[in-house]
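This report concerns only the one structure given below.
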Amino acid sequence: MFVSCKDKQKMISSYLEHLGKFVLWQRNVYNKPENWRMYYKEFVRQLYDIGIGSLPIIALISVFLGAVTVIQFYYQMEGTLIPPYYIGYIVRDMTIIELAPTFTCLVLAGKVGSNIASEIGGMRQKEHIDAMEIMGVNTSAYLVMPKVLAALFIIPMLVCVSALISIMGGYLASVPTGLFTSAEYILGLRSFFIPYNVFMMFVKAVVFAFILTSVPAYQGYFVKGGSIELGAASTRAVVFSDILILLADYLIALVLTA
Amino acid sequence: MIRIQDIRKSFGDVEVLKGINFEFEAGKNNLIIGKSGAGKTVLLKILIGLFEPTNGSVWYDQQQLGGLNKDQLKALRMQIGMLFQGNALFDSMNVEENIRFPMDMFTAMTAKEKQDRVDLCLERVSLEGSNLKYPSEISGGMQKRVGIARAIVLQPKYLFCDEPNSGLDPKTAITIDELISTITVDNNITTVINTHDMNSVMEIGDNICLLNQGKLAWKGGKEEVIDSENEVLQDFIFASPFLKKLKARALGG
Ligand SMILES: Nc1ncnc2c1ncn2[C@@H]1O[C@H](COP(=O)(O)OP(=O)(O)OP(=O)(O)O)[C@@H](O)[C@H]1O
Ligand SMILES: [Mg+2]
């Protein structure tokens, strides 16, 4: 598709405008709550929704992540001189450093992110947000802060669980099928362990959690128009979150491994 | 009392409100009337600060709306009750939770006090016993009444209603009008009501502001409506040929 120079300029300035608006909006989001109990209630509801609500899908995905990683590495290493227990080590580090945080959060951006965008966007369109504003509620704070904080708290735990299940998935895919022995896999898991990698995993989880809740909340909060626009905002929320997560992944990798 | 001075509002190139001056009085039902699209909702949203006027000022007694800091604005908003054109009831909460929401958010009342207040408000709008129903499970008229109950739960000084009886049968509409009117007089509230319902105008129109093409076309009380010579008003009130005929006959004989 041909994009003229002017269109490009417009596109870039529109992105910059959104970025500016988003940053300025953050000041309204992180404000002292009108009522701690109401915010806490909302926080707990979100913990449950995001945490427990996403557990089955995360578990399912993680099992396969581990299983596929093991099988493919086994395939690559077959016939080489690399000892089989290395596969345990590779699965562990791949999972912890990259697969668990990134995959989990990409999936959560789809599930939690679109949910947040349509919930908040729906409230905007049905004038619920106006109604709350008129009552004197700081809606940016009440509707967004508990969601982001809950995500910052629970998503790192989900990522942890994901890493664990993924490693178990690798076990299930290899040991019962006879690719190598349980002892070899476990030896691999216990070899060359660098705690710093776990720290990297948590950094990623926290940053991604912020992205996949804040970006959709922004898309929902400022939605205009009707149900078609709401659908579009929800899609945009997921796409932008995904892109930003991948970008952040790259930047974190650069910075933390430097 | 709420006073507006030279309010103008444009959306893009279109000027919807073209310089409106009016005074909404305390303890009275102040009506904003006008054809669909005349700018009633826009004016109401400017009054409560959801829209910023392009020009002009809004005064709540001695306070100017645009000149308030965050805390003052919040304090003012806690004295405002609003019934939206589409009710804006929170659909994930039941009737009781909806009405309790402002109290939960802003007061340190005990559970018992809140419950009593909820029951009292529901009683006022004749919805005793509907506490646990969800907005989707009750009729439009009932939703309106829940909306009113929620708007008055913190005993506001200012009450705004955007078309409180649109979409209701004439009987229910009048009940709602009477309800709002009683609440207004009993508590000396400054009530502003948007409507294009003729019955409302004649029933509760203490102080009427007629909008036409973005301008104030007429103001006065319900007693003055019939005898007014104002063409826009007459055209608005006696819109149907039937009413026109009725009026002609009344004047003739
Ligand atoms: N957010 C907006 N953006 C652009 N134009 C708007 C907006 N809100 C209202 N308008 C325009 O302002 C005019 C007045 O609208 P308003 O909703 O105030 O009418 P109304 O008098 O309340 O009508 P009704 O009785 O049908 O509710 C309309 O022409 C509408 O197109
Ligand atoms: Mg309207």
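Please treat every number below as a calculation from the coordinates, not as lab data. The structure displayed is predicted, hence computed values, not measured ones. When we count neighbours, we look across all protein chains shown, and the Cβ atoms used for this are built from the backbone with ideal geometry, even at glycine.
Is any residue of region B:119-133 close enough, with backbone N under 15 Å, to a label point placed 7 angstrom from the Cα of B:GLU178 along the Cα-Cβ axis, and if so, which? Under 15 Å, as judged by backbone N against the label point of B:GLU178, lie B:124-127 of region B:119-133. Contact order for region A:92-210, expressed relative to its length and based on alpha carbon pairs under 8 Å spaced 6+ residues apart, stands at 53 percent. For chain A, modelled as a GNM whose springs connect Cα atoms under 10 angstrom apart, the maximal fluctuation among A:GLY169, A:GLY136, A:GLY53 occurs at A:GLY136. Dividing the summed helix terms, -39500 (n - 2.57) for each DSSP H run of n ≥ 4, by the number of residues in chain B produces a 222 nm estimate of -12000 deg cm²/dmol to the nearest 500. For a paramagnetic label modelled on B:SER36 (point 7 Å from Cα along Cα→Cβ), amide N atoms under 19 Å away belong, within region B:201-236, to B:201, B:211-214, B:235-236. Report, ordered by chain and residue number, the lysines lying within cross-link reach of A:LYS111, taken as a straight Cα distance under 19 Å and ignoring same-chain residues fewer than 8 apart. Answer for A:LYS111, where 19 Å is the Cα cut-off: A:LYS147, A:LYS204, listed by chain and number.
Using the Cβ-Cβ distance between A:ARG27 and B:GLU203 with R0 set to 35 Å, the FRET efficiency works out to roughly 0.15.
Just checking the listed ones, A:SER118, A:SER162, A:SER13: in the Gaussian network model of chain A with Cα springs under 10 Å, the one fluctuating most is A:SER13. For chain B, find the longest principal axis of its Cα atoms and tell me its angle to the long axis of helix B:95-106, 0 to 90°, nearest 10. With both axes taken from Cα atoms, the answer is about 80 degrees.
Taking label points 7 Å from Cα along the Cα-to-Cβ direction, A:ASN35 and B:ASP13 give a separation of 4.8 nm.
Computed 3J(HN,Hα) for region B:140-146, one whole-Hz value per residue from the Karplus formula 6.51 cos²θ - 1.76 cosθ + 1.60 where θ = phi - 60°, is x, x, 5, 4, 4, 5, 4, glycine and proline marked x. Of all complete DSSP H helices in chain A, those with a Cα span along the helix axis of 18 Å or greater and a mean Kyte-Doolittle hydropathy of 1.6 or more are A:139-174. Taking label positions 7 Å along the Cα-Cβ direction at both B:MET109 and A:LYS8, the computed distance is 6.1 nm, reported to one decimal.
Relative contact order for region B:2-250: 28 percent, from Cα pairs under 8 Å spaced at least 6 residues apart, divided by residue count. Between the Cα long axis of helix B:241-252 and the first principal axis of chain B there is an angle of about 60°, rounded to the nearest 10.
The residue among B:LEU154, B:ASN199, A:ALA150 whose Cα reaches farthest toward the positive pole of the charge dipole of the protein assembly as shown, with charges on the beta-carbon of Lys, Arg, Asp and Glu, is A:ALA150.
Pairs B:LYS40/B:LYS70; B:LYS18/B:LYS171; B:LYS45/B:LYS247: which exceed 31 Å Cα-Cα? Distance filter (> 31 Å) returns B:LYS18/B:LYS171; B:LYS45/B:LYS247. Restricting the GluC sites (Glu not before Pro) of region B:109-191 to loop positions (DSSP other than H, G, I, E, B) with no more than 12 neighbouring Cβ atoms within 10 Å leaves B:GLU128.
The aspartates and glutamates whose alpha-carbon is closer than 12 Å to the alpha-carbon of A:LYS126, local same-chain residues fewer than 8 away aside, are B:ASP91.
Out of A:LEU247, A:LEU24, A:LEU152, any idea which swings most in a Gaussian network model of chain A, alpha carbons joined below 10 Å? Of the options given, A:LEU24 has the highest mean-square fluctuation. Please work out the FRET efficiency for the pair B:MET1 and A:LEU60, using the Cβ-Cβ distance as r and a Förster radius of 51 Å; give the result to the nearest 0.05. So, using R0 = 51 Å, E works out to roughly 0.20. Contact order, relative form, for region A:53-256: 39 percent (alpha carbon pairs under 8 Å, 6 or more residues apart, mean separation divided by residue count). Taking amide H atoms as placed 1.01 Å from N in the peptide plane, the amide H of B:THR191 lies under 5 Å from those of B:GLY27, B:LYS28, B:ASN30, B:LEU159, each 5 or more residues away in sequence or on another chain.
Largest first, the extents of the alpha carbon coordinates of the protein assembly as shown on the three principal axes equal 113, 62, 43 Å. Remark on B:ILE20: its backbone amide H falls under 5 Å from those of B:ASP6, B:ILE7, B:ARG8, a criterion applied only to residues 5 or more positions apart or on other chains, H modelled at 1.01 Å from N.
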